[in-house]
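Worksheet: the structure to be examined is printed underneath.
A short reminder: the numbers here are calculations on the coordinates, not readings from a lab. Predicted, not measured: the structure shown is a model, and the values here were computed from it. For neighbour counting, all protein chains shown are included, and Cβ atoms are generated from backbone atoms with ideal geometry for every residue, glycine included.
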Amino acid sequence: MTKEYFRIKDNCRKGLLKHLSKAFSLIPRIESPKILDIGCGTGVPTLWLAENFNGTITAIDTDKKSLDWLLEKIKDKNLDNQITILHISFYNLKTNPNFFDFILAEGFLNVVGFERGFLKIKEMLGNERYLVIHDEYKDHEKKFDFINNNHCKVINTLFLDENVWWDDYYRQLETEINALQNKQNKDLFKSDLKEIESYKVDPSVFRSLYYIVRKL
């Protein structure tokens, strides 16, 4: 992937940050929190966390190119002392139990499996500390019950309907891709264009939900 690809995706992804901000506004402030961002990608939410919390952030992902791009941005913003990047699988991450104050999982549990991933994440979260999960809306009642039956409590939710995904992400992404003059650059977005077409076929599939969770 090229810098142009990452730049465009980042610019479009920023349209969703207002929803992340609202999700975090639903939990109490903690002074100098230890934060884990799982599946951070190019780190648009990671940098938002750094700008809005005075704690330390561990950002992990298995995509080396995305992390290299994030590292460039961290250096540009002089955030080296606040953000630690790890090129590692979540399941290989070694940390003390109950270590983190906040954990963010943006779309991550949809990839690894909600229940399996949740149980692993819970081990890393401190008691009376908070987990923010962003996941597809499908089976939301089952997920809600699973969380509440595993020594945690969903204290709030934030629903993002299909219109949010179009207005705050896909519309701009489609516009920026179509504006590209270089065919080679445009070809990098093939999977994104397929995603946009899938949205147009059935927008309801793209509904999602933030779960704001406290570990008991």
For the chain, built as a Gaussian network whose Cα springs stay under 10 Å, the top-fluctuating residue of A23, A59, A179: A179
Give the order of R13, R116 when sorted by the count of other beta carbons within 10 angstrom, beginning with the fewest. R116, R13
At 7 Å along Cα-to-Cβ for each site, give me the label-to-label distance between I30 and N163 in nm. 3.5
List the lysines whose alpha-carbon lies under 17 Å from that of K65, not counting same-chain residues fewer than 8 positions away? K3, K9, K73, K75
Would you list, by chain and number, the lysines whose Cα falls below 21 Å from the Cα of K122, excluding same-chain residues fewer than 8 positions away? K34, K94, K142, K143, K153, K215
Please quote Rg/Rh for the stretch 3-215 to two decimal places, taking the Kirkwood radius as Rh and restricting both calculations to Cα atoms. 0.96
Tally Lys and Arg at +1 and Asp and Glu at -1 over the other residues with C-beta under 14 Å from the C-beta of Q184: what net charge comes out? +2
Take the chain, connect every pair of alpha-carbon atoms lying under 10 Å apart with a spring to form a Gaussian network, then pick out the residue of T58, T42, T95 with the largest mean-square fluctuation. T95
When M1, M124 are arranged by how many other beta-carbons sit within 10 Å of their Cβ, fewest first, they go M1, M124
Give me the log10 of I(q) over I(0) for the stretch 128-216 at q = 0.11, 0.13, 0.19 Å⁻¹, as the Debye formula computes it from C-alpha points; what are the numbers? -0.45, -0.57, -0.86
Of C12, S66, I103, whose Cα points farthest to the positive end of the dipole of the chain (charges on the beta-carbon: +1 Lys, Arg; -1 Asp, Glu; origin at the Cα centre)? I103
Counting alpha carbon pairs within less than 8 Å and at least 6 residues apart, what relative contact order, in whole percent, applies to the chain? 24
With springs only between Cα atoms under 10 Å apart, run a GNM on the chain and tell me which of K120, K183, K34 wobbles the most. K183
Using +1 on the beta carbon of Lys and Arg, -1 on that of Asp and Glu, and nothing else charged, what's the dipole of the stretch 36-129 about the Cα centre, debye to 20? 200
Please list, or write none, the aspartates and glutamates whose alpha carbon is within less than 16 Å of the alpha carbon of K138, excluding same-chain residues fewer than 8 places away. E106, E115, D161, E162, D202
Rounded to the nearest 500, the 222 nm mean residue ellipticity computed for the chain from DSSP H runs (n ≥ 4, each -39500 (n - 2.57)) alone is -12000 deg cm²/dmol
